[in-house]
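Shown next, in structure tokens, is the structure this report addresses.
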Amino acid sequence: MRPSRKHLDVCRFVVRMPVVAAAVRDVKTSKAPPAPNSDFYELAGTLGADELALVREVRAFMDSNVAPLINRYWMDDAFPFELLPAFKQLNLGGLGLEGYGCRGGSHKLLGFVMMELSRGDPSFATFFGVHDGLAMGSIYLDGSPEQKEKWLPPMARLDKIGCFGLTEPDVGSGIAGGMTTTAVRENDTWTLNGQKKWIGNSPWCDVSIIWARDLADDQVKGFIVENKSTPGFTVEKIQDKISLKVVQNGLITLKDCRVPEANRLQSGNSFRDTARVLRMTRYAVGWMSTGCQMGAYEHTLRYAQKRVQFGKPIAAFQLVQDLLARMLGNVTASQCLMLRLAEMDDGGKLLDHHASLAKSFCTARMRETVAWGREVFGANGIVIDHNIGRYFADAEALYSYEGTLQMQNLIVGKAITGLSAFV
Ligand SMILES: Cc1cc2nc3c(=O)[nH]c(=O)nc-3n(C[C@H](O)[C@H](O)[C@H](O)COP(=O)(O)OP(=O)(O)OC[C@H]3O[C@@H](n4cnc5c(N)ncnc54)[C@H](O)[C@@H]3O)c2cc1C
């Protein structure tokens with residue numbers, strides 16, 4: 001007897017039902033999926049108890065205070081000033097710097113904190129990195145004891161916020177030899193003329209480190225300029241960025257800006273002294289690009305565990321697990337590299353090419369990691385409220401600032417070949 005059509009439909013349903021039912025049961029009744037852990041090789045275990053406590057405090061601040069607000073500020077191209085009072089309570093100012101009211105601590109601790117800040121939000125980490133590393137770091141490394149005594153304590157308390165003006169509208173990568181901003185000394189007063197572009201924090205901060213070429217000896221020198229009270233110093237906010245939108249970047253114009261000799265960084269006598277600051281901050285950007293990957297990975301895994309397609313969480317698909325494993329591989333490789341670099345830095349062995357390799361390697365891995373994360377989100381990856389779009393876009397600025405990948409690799413290339421390929 002031939003089976004009826006109705007009978008066949010019922011059979012098909014009965015055959016398919018257990019498969020669908022099992023999938024639905026997996027989604028509905030399986031135990032809670034593991035929470036994302038972006039410290040797969042347990043690097044936090046290398047920290048001392050006090051250090052770990054601080055890193056945890058930073059994570060709690062980022063998760064509780066920053067995360068709920070940051071997407072709105074990102075969309076508005078605005079800085080979250082409302083977060084500053086609570087941020088000050090963390091007492092992070094001058095982390096990694098000794099004395100002068102600074103928080104101090106090892107470079108490893110500084111690295112972990114920068115990583116945590118960036119895991120929460122790369123813009124917020126950049127705001128702090130510019131202030132603590134570039135601005136305070138310039139005074140710390142290139143200033144006299146009197147200058148450190150005067151400027152570092154209020155900056156460590158975050159009562160005065162700093163920025164670092166090196167890049168110019170027409171000169172970025174070639175700034176060492178091509179700087180056009182000039183400094184001319186007459187008695188004990190310097191006159192600065194020129195422009196500085198992309199300067200983070202500059203539209204609202206208090207103190208700028210301005211690098212200018214001394215026309216007398218053709219050397220690059222650093223100057224501490226008080227933004228709000230120096231005639232001839234103006235800043236225009238750069239509008240409509242698509243990356244690190246929370247960081248306020250500015251175009252600084254210096255028109256016959258008069259600065260006392262007392263504000264010239266007394267140990268900054270050539271671009272080599274500027275490069276010492278950049279070595280320290282490129283190290284920090286290696287950690288920040290690692291933190292950006294951690295944030296992207298955690299958001300992506302959480303999403304993949306919840307998003308259901310074909311009756312299953314997409315995290316159950318082999319191709320999605322492949323992307324997640326590759327993301328975690330990048331995160332972990334970057335963390336291990338940075339941890340070793342921290343040991344070298346704390347041991348006084350960090351050289352320019354070591355920091356450059358870390359900056360180029362970790363930012364390149366970051367670009368892959370955030371792109372894979374965005375891929376896992378499908379269409380939701382391009383809207384701000386799922387977060388991943390913010391990491392994806394912010395990674396682009398980290399990739400380029402503090403020297404592009406090409407510049408870092410040219411520094412490494414020179415060290416390993418003995419031949420300079422800079423033109
Ligand atoms: C969000 C953000 C924040 C920033 N904050 C600051 C700040 O606070 N202070 C500050 O001083 N600057 C800041 N910068 C500037 C940043 O450091 C520069 O953008 C960066 O150094 C690159 O310079 P550039 O953009 O002028 O690119 P360019 O120098 O014009 O380079 C363009 C491209 O050409 C390549 N290139 C150039 N020369 C060579 C070469 N010889 N060989 C091979 N390739 C080459 C570069 O790698 C790059 O891909 C910031 C930038 C951004 C995006």
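How far is it, in nm, from the label point at GLN309 to the one at THR234 when both lie 7 Å from their Cα along the line to the Cβ?
With each label point 7 Å from Cα toward Cβ, the separation is 5.2 nm.
Take the solvent-accessible surface of the protein heavy atoms, probe 1.4 Å, and return the percent of it on the chain that carbon and sulfur atoms account for. Intermediate results must be reported in sequence, preceding the final value.
On the way: 10870 of 19520 Å².
The C+S portion of the solvent-accessible surface of the chain is 56 percent.
List residues of region 277-308, by number, whose backbone nitrogen lies under 20 Å from a label position 7 Å along Cα→C-beta of ASP385.
So the set is 299-308.
Could you go through region 371-380 in sequence order and give the Karplus-derived ³J(HN,Hα) for each residue, using 6.51 cos²θ - 1.76 cosθ + 1.60 with θ = phi - 60°, rounded to whole Hz, and x for Gly and Pro?
These are the phi-based 3J(HN,Hα) values: 6, 5, x, 4, 4, 5, 7, x, 4, 4 Hz.
Residue separation times 0.36 nm, minus the C-alpha to C-alpha distance between PHE317 and SER267: what's the value?
Extra length from PHE317 to SER267 when fully extended: 12.2 nm.
Give me, ordered by chain and number, the residues 5 or more places off GLY165 or on other chains with an amide H under 5 Å from its own placed amide H.
Correct list: ILE209, ILE210, TRP211.
Set the Förster radius R0 to 35 Å, insert the Cβ-Cβ distance between ALA333 and GLU98 as r into 1/(1 + (r/R0)^6), and round the FRET efficiency to 0.05.
0.65
Note the angle between two axes, namely the Cα long axis of helix 318-346 and the longest principal axis of the Cα atoms of the chain, as a number of degrees from 0 to 90, rounded to the nearest 10.
The two axes meet at around 30 degrees.
Rank-order 191-197, 225-231 by packing density, defined as the average count of other C-beta atoms within 10 Å over each peptide's residues, highest first.
For the peptides 191-197, 225-231, the packing ranking is 191-197, 225-231.
How would you rank 82-90, 340-348, highest first, on the average number of other Cβ atoms within 10 Å across their residues?
340-348, 82-90
Run the simple label-point estimate for ALA49 and ALA325 please: 7 Å along Cα→C-beta, distance reported in nm.
Label at ALA49, label at ALA325, 3.9 nm between them.
Using θ = phi - 60° and the Karplus relation 6.51 cos²θ - 1.76 cosθ + 1.60, list the HN-Hα couplings for region 258-269 in order, rounded to whole Hz, with x at every Gly or Pro.
9, 10, x, 4, 4, 9, 7, 4, 6, 10, x, 10
What angle, in degrees between 0 and 90 and rounded to the nearest 10, separates the Cα long axis of helix 67-76 from the longest principal axis of the Cα atoms of the chain?
So the helix axis and the longest Cα principal axis differ by about 70 degrees.
Suppose R0 equals 22 Å; then what is the FRET efficiency for GLU226 and ARG276 from their Cβ-Cβ distance, rounded to the nearest 0.05?
0.40
Could the peptides 295-302, 36-43, 151-158, 410-417 be put in order, highest first, of the mean number of other beta-carbon atoms found within 10 Å of their residues?
Put in order of decreasing packing, that is 295-302, 151-158, 410-417, 36-43.
Taking a probe of 1.4 Å, how large is the accessible area per residue of the chain, in Å²?
Solvent-accessible surface per residue comes out at 46 Å².
With labels modelled as points extended 7 Å from the Cα through the Cβ direction, what inter-label distance (nm, one decimal) is found for LYS150 paired with PHE422?
In this crude spin-label approximation the distance works out to 3.1 nm.
Quick check: from the Cα gyration tensor, does the chain come out rounded (a/c under 1.5), prolate or oblate?
Verdict is prolate for the chain.
Against the longest alpha carbon principal axis of the chain, how many degrees, from 0 to 90 and to the nearest 10, is the axis of helix 271-306 turned?
The helix 271-306 is inclined about 20 degrees to the chain.
Short version: ³J(HN,Hα) in whole Hz for each residue of region 418-423, in order, from phi by Karplus 6.51 cos²θ - 1.76 cosθ + 1.60 (θ = phi - 60°), x for Gly and Pro, what are they?
For region 418-423, the Karplus-derived couplings read x, 10, 7, 9, 5, 10 Hz, x marking Gly and Pro.
Which value at 222 nm does the chain reach when only helices count, each DSSP H run of 4 or more adding -39,500 (n - 2.57), with the total divided by all residues and rounded to the nearest 500 deg cm²/dmol?
Rounded to the nearest 500, it is -16500 deg cm²/dmol.
Can you list the residues of region 326-366 with backbone N under 19 Å from a point 7 Å past the Cα of PHE40, pointing along Cα to Cβ?
Under cut-off, by backbone N: 326-340, 361-366.
Net charge within 11 Å of LYS197 by Cβ-Cβ distance, Lys/Arg positive one each and Asp/Glu negative one each, not counting LYS197 itself? Could you put the intermediate results ahead of the total?
Numbers: positive: LYS196; negative: GLU168, ASP170, GLU236.
Residues close to LYS197 contribute a combined charge of -2.
The values are calculated or read from the model by the stated rules, or taken from the named source; none is laboratory data. Since the model is a prediction, treat every value here as computed from it, not as a measurement. Note that each Cβ is placed from the backbone with ideal geometry, even for glycine, and that neighbours are counted across all protein chains shown. The accessibility values were calculated without ligands, DNA or RNA, using every heavy atom of the protein model including side chains. Shrake-Rupley method; radii C 1.70, N 1.55, O 1.52, S 1.80 Å.
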